[in-house]
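J.: Got a structure for you, questions after.
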Amino acid sequence: MKQILLRARKEPFEVVPPEEALLRNMIADNAGNLLFSVAAHKILETDDTKVTADRFLIDLRHADRINERYDAYVIPLANAFRPTYEPILIRLTQLIRRLRIPVVVLGVGAQATLHYDTARLHAMEDSVRDFVSAVLDRSPSIGVRGELTYDYLRGLGFRDVEVIGCPSMFINGDRMDVEKRRAALDETAKLAINVSPYVKRMGPVVRHHVERYPDITYIPQDIATLELLLWGDPDGGVDPAEDRPIHLAHPLFRDDKTRFFVDPWPWLRFLATRDFSFGTRIHGNIAALMAGTPAFVLAHDSRTLELVRYFEIPHRLMSDVEPGLDAAQLYEEADYGPLVHGHAARFETFTGFLARHGLDHVFASPAPSPDFETRMDAAAFPAAVTVGSVRDMSDLRGRVKRLRRRIYRMTRAPWVRQTRVILLRGMARLTGRRAPAEGDTDESATDEEP
């Protein structure tokens, strides 16, 4: 049995309550991350291959154990070439340097502007070079998401670069069944909208659709909104007149038209019931396409634009979006022919990349095992989190108690105490006060992972 270690926050069949998903950040800040990690798991796990999630743990002390237990380390990434991700990229590079097994990057993207300006990446070029060099020492090539990242790495001097897109698009293999179910959209349409909270131009777009379409559902992906749904908005720090759905007074929250999914399978099942999905979230719309629902991307940066261009997903640049934009217009102009007809060739490119890296895939068999779907359908995943999650005050009090107990255990963990000692010593040097000694910490506390 071949053993693959996959960079993923959790196992696909693992059921985690929303409160724990928030506390442990099981969505890695964005639920879209779960979509491509689950897709990679499904694609790579075969009758002869076992896939295990690394849970985003990067511990250099585990390098020898990884070398002994696994045959390959597969790393699907999003927009990892960005300044805020640089510390993790450096840490990953350090781990990869200690590995003797193949390391396969299953799609990585550079974060740039809508016009592909990579100037903000100049300061981290050494880190990017180190990472790519480490990967290419253990792999024949590196897989990137699209044209921008391909040109960026080629500009840094690397030649073994292949555009493979994102594994989330291949969760159904070479099958792409997307077609319009209605001749046109009207006020009776069932819409799904997704919004990147920081894209201010989406405010008027959201307001327009809330006013016109009664059956509209907002599907957020960011951890801040999950926290808002579960714990409420105690400080009320956002202007209630703000058109973006970032406060509980917004109509999409007030009227219970928001659904947050902490697992991909219920997310896909829900999107299959919608007539149309649109917005700025690339994986929010990829999820719709994988569910067979027409989707339209409003591209606001390079990471979304290079993917929609590669897969020929209907899209507009966010800079061209006017406040009065209507979903009916997007639906009418969307042509899914290039997406559908070109999918098989893109899947062949993707599986060819896997073959060159010594990886099998579940779709190689004429009749892939249904085991993955069977297990996913059988899993008791939690329902979508809604605004109703904070309306039952007795339940909220219970969750607060559980949170307090968890925080207490976390603060007793050795790594927290050690960090406290380091901080206090630093303050002591600045103030001249006595620094705490090693014996000032309580070594009897349990060592529980936060």
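J.: Would you pick out the residues in the range 192-206 that are touching an Asp or Glu at 6+ places or on another chain (Cβ under 7 Å) and within 15 Å of T258 (Cβ to Cβ)?
T.: Residues of the range 192-206 that are touching an Asp or Glu at 6+ places or on another chain (Cβ under 7 Å), as a first pass: 197, 203-204, 206.
Passing the criteria: P197, V206.
J.: Exactly one of these conditions fails for R145: (1) buried (at least 19 other Cβ atoms within 10 Å of the Cβ); (2) out of contact with any Cys (no Cβ under 8 Å at 6 or more places or on another chain); (3) of a type in the set (D, E, K, R). Give me its number.
T.: Result: R145 fails condition (2) only.
Here is a yes/no grid of residues against (1) outside the structural domain of L226 (by TED's automatic domain parsing); (2) touching a Lys or Arg at 6+ places or on another chain (Cβ under 7 Å); (3) surrounded by 17 or more Cβ atoms within 10 Å (Cβ to Cβ):
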site: E19; (1), (2), (3): yes, yes, yes
site: L23; (1), (2), (3): yes, yes, yes
site: D29; (1), (2), (3): yes, no, no
site: A39; (1), (2), (3): yes, no, yes
site: D54; (1), (2), (3): yes, yes, yes
site: D59; (1), (2), (3): yes, no, no
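J.: Can you go through R303, R346, R259 and tell me which one is in contact (Cβ under 8 Å) with a residue 40 or more places away in the chain and assigned by TED's automatic domain parsing to the domain that holds L22? Before you say what the answer is, go through the steps one by one.
T.: Values: R303 fails: assigned by TED's automatic domain parsing to the domain that holds L22; R259 fails: assigned by TED's automatic domain parsing to the domain that holds L22.
R346 is the lone residue from the list that is in contact (Cβ under 8 Å) with a residue 40 or more places away in the chain and assigned by TED's automatic domain parsing to the domain that holds L22.
J.: Return yes when A272 is within 20 Å of Y331 (Cα to Cα), surrounded by fewer than 21 Cβ atoms within 10 Å (Cβ to Cβ) and of a type in the set (A, V, I, L, M, F, W, C) and no when it is not. Full working, then the answer.
T.: Numbers: within 20 Å of Y331 (Cα to Cα): yes; surrounded by fewer than 21 Cβ atoms within 10 Å (Cβ to Cβ): yes; of a type in the set (A, V, I, L, M, F, W, C): yes.
Yes; evaluated as a whole, the condition is true for this residue.
J.: Sort out which residues of the range 211-235 are without any contact (Cβ under 8 Å) to a residue 12 or more places away in the chain and more than 17 Å from A192 (Cα to Cα), and write them in order of number. Spell out the reasoning first.
T.: Taking the range 211-235 and keeping what is without any contact (Cβ under 8 Å) to a residue 12 or more places away in the chain, we get 211, 234-235.
Residues satisfying the conditions are P234, D235.
J.: Same structure again: Which members of the range 318-337 meet the condition of being among the small types (G, A, S) and either in a strand (DSSP E or B) or in contact (Cβ under 8 Å) with a residue 12 or more places away in the chain (or both)?
T.: Our first condition is that a residue be among the small types (G, A, S); within the range 318-337, this holds for 319, 324, 327-328, 334, 337.
If the condition is that a residue be among the small types (G, A, S) and either in a strand (DSSP E or B) or in contact (Cβ under 8 Å) with a residue 12 or more places away in the chain (or both), then S319, G324, A327, A328, A334 are the ones that fit.
J.: Take the residues in the range 196-248 that are of a type in the set (F, W, Y) and buried (at least 16 other Cβ atoms within 10 Å of the Cβ), then tell me which one is nearest to A295 (Cα to Cα).
T.: Within the range 196-248, the subset of a type in the set (F, W, Y) is 198, 213, 218, 231.
This time we only want the ones that are buried (at least 16 other Cβ atoms within 10 Å of the Cβ), so: 213, 218, 231.
Numbers: Y213: 17, Y218: 14, W231: 31 Å.
This residue is Y218.
J.: For the range 40-55, check the following and say yes or no: at least one residue is under 30 Å from R175 (Cβ atoms), touching a residue at least 12 places away in the same chain (Cβ under 8 Å), part of a helix (DSSP H, G or I) and not aliphatic (A, V, I, L, M).
T.: The answer is yes; a qualifying residue exists.
J.: Since R91 meets every condition but one in (1) surrounded by fewer than 18 Cβ atoms within 10 Å (Cβ to Cβ); (2) part of a loop (DSSP other than H, G, I, E, B), which condition does it not meet?
T.: (2)
The values are calculated or read from the model by the stated rules, or taken from the named source; none is laboratory data. Since this is a predicted model, take the numbers as computed values, not measurements. Don't worry about glycine lacking a Cβ; one is built from the backbone with ideal geometry, like all the others, and counts go over all protein chains shown.
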